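Only one structure is covered here, and it is reproduced in the block below.
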Amino acid sequence: MHVPFVNLRAQYDQVGAGVFAGIAELIKECRCIQGDALEQFEGEFAAYIGAKYAVGVGCGLDALTIALMCLDIGPGDEAIVPVNTFIATALAVSRVGATPVFIDCDATYNMDIGQLGSKITTRTRAVIPVHLTGKPVDMDGLYNVLEGREISVIEDAAQAHGAWAGDKVCGSIGEAGCFSFYPSKNLGCCGDGGMLVTSISSIAERARAYRNYGETSKYFSVVKGVNSCLDPIQAMILSAKLPYLSEWNGWRYRLAFEYREMLDGVVRFAEDGPHESVYHLMPIFTERRDELREYLKECGVETGIHYPTLIHQQPAYREHAHESYPVAERMSSEELSLPMSTHTSLEQADYVCECIKEFFQ
């Protein structure tokens, strides 16, 4: 049996041909930049997340960068970032001239809130919690640490579309929430895209200017902006997919339950956080990670590793190479992501589990 890591073809089959007819009409009418399709999706996504405003941008990295710009974070400032996330989280901080300050994870594989207080300095302007693998960060614990401090929270929700942290949806809790619509995400487009959501009108207003050369009107720039708008074609695709997101996340819960039931005692899982994950990824942990991955490949099972090189170990951040993050370093050396997508079947998940059991036997 061949088990793909992500099955996007089946997802587009479910969305239907009507989407592509709409795209053809959009191209025919040459509505290629911003416009009604983008505004419609921005309104739909803001409502889904529970935020007042949504600003479509070119990618998740741009959403994070623009959020920092809207909060006037730049040279001389620091932003606290988990060390075991995709490098884009740190790159956004670097792009605005600020300094990323890394923090270790705990056994949940999310940032260790217990260490947060020790990372705060007089230069700390922001904390960027990453809801890694779709598992919400302990936001109540985070805000307890920040109480009484003038430090902004920018949520990196690139892997957490539709996840709930208590009575709020991830992305709607901080001053800004940032999403990626990379194709493999729980809600992904057919290319690249991102979104900044907020309930603060001044941030939304500034974000719309920053994404469009800093313009508030044609050829009139009030800030030094960038060129980063979500393509209306991608917005149309995302509008078609959004009504399925809760159903698709529900299926991810079911797959995760299957994996955890069948592999209990065979491999390790990250500890549960205070809130349910939407399982963008299905990570397991074993000291024999590389051997297991090769065996699964021979069995026709595609897997992933998130992330084999932590940010402080990257050549781009060599100035942090002397730092140590023992929990993240151990867990990243043992992490293996199993097939998980909206159209991974129970039969496929069971096959993956049987292959893993055979490997350890």
From the P(r) of the chain, can you give the percent of Cα pairs sitting at distances over 28 Å?
44
What span do the alpha-carbon atoms of region 137-193 cover on each of the three principal axes, reported in whole Å from largest to smallest?
43, 21, 12
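Restricting to Cα pairs below 8 Å that are 6+ residues apart, what does the relative contact order work out to for the chain? Please round to a whole percent.
RCO, the chain: 23 percent.
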Where the only charges are on Cβ atoms (+1 Lys, Arg; -1 Asp, Glu), what is the dipole of the chain about its Cα centre, to the nearest 20 debye?
940
Cβ crowding within 10 Å averaged over residues, with 305-314, 321-330 ranked highest first
305-314, 321-330
For the chain, set up a Gaussian network in which alpha carbons nearer than 10 Å are linked by springs, and say which option among F45, F102, F20 fluctuates the most.
F20
Between the alpha-carbon centers of region 195-255 and region 340-354, tell me the distance in whole angstrom.
32
For region 172-299, size of Cβ-based charge dipole, Lys and Arg +1, Asp and Glu -1, in debye:
600
Can you tell me how much longer the chain between F5 and R123 gets when fully stretched, taken as 0.36 nm per residue apart minus their C-alpha distance, in nm with one decimal?
38.3 nm
Taking the alpha-carbon centre of each part, the distance from region 259-331 to region 100-116 in Å is 15
FRET efficiency, A107 to I200 (Cβ-Cβ, R0 35 Å, nearest 0.05):
0.55
Which lysines have a Cα less than 29 Å from the Cα of K224, not counting those fewer than 8 places away in the same chain?
K52
With a cut-off of 8 Å between alpha carbons and a minimum separation of six or more residues, what is the relative contact order of region 244-360 in percent?
38
Given the rule -39500 (n - 2.57) for each run of at least 4 DSSP H residues, summed and divided by the residues of the chain, what is its mean residue ellipticity at 222 nm, to the nearest 500 deg cm²/dmol?
-11500 deg cm²/dmol
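Based on other C-beta atoms within 10 Å, arrange T122, T108 from fewest to most. Each step should come with its number before you reach the end.
Values: T122 5, T108 20.
Ranking T122, T108 by Cβ neighbours within 10 Å, fewest first, gives T122, T108.
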Which order, highest average first, do 270-280, 56-66 follow once you tally other Cβ atoms within 10 Å for each residue and take the mean per peptide?
56-66, 270-280
Sort the following peptides by mean Cβ neighbour count (other Cβ atoms within 10 Å, averaged over residues), highest first: 179-190, 347-358, 284-295.
179-190, 347-358, 284-295
What nm distance separates the two modelled labels at D350 and D13, each placed 7 Å from Cα along Cα→Cβ?
2.0
Could you go through region 212-221 in sequence order and give the Karplus-derived ³J(HN,Hα) for each residue, using 6.51 cos²θ - 1.76 cosθ + 1.60 with θ = phi - 60°, rounded to whole Hz, and x for Gly and Pro?
10, 6, x, 7, 9, 8, 3, 6, 10, 9
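Rule-based calculations on the coordinates, nothing more; no lab input. The structure presented is a predicted model; accordingly, all values stated were derived computationally and were not measured. Note that each Cβ is placed from the backbone with ideal geometry, even for glycine, and that neighbours are counted across all protein chains shown.
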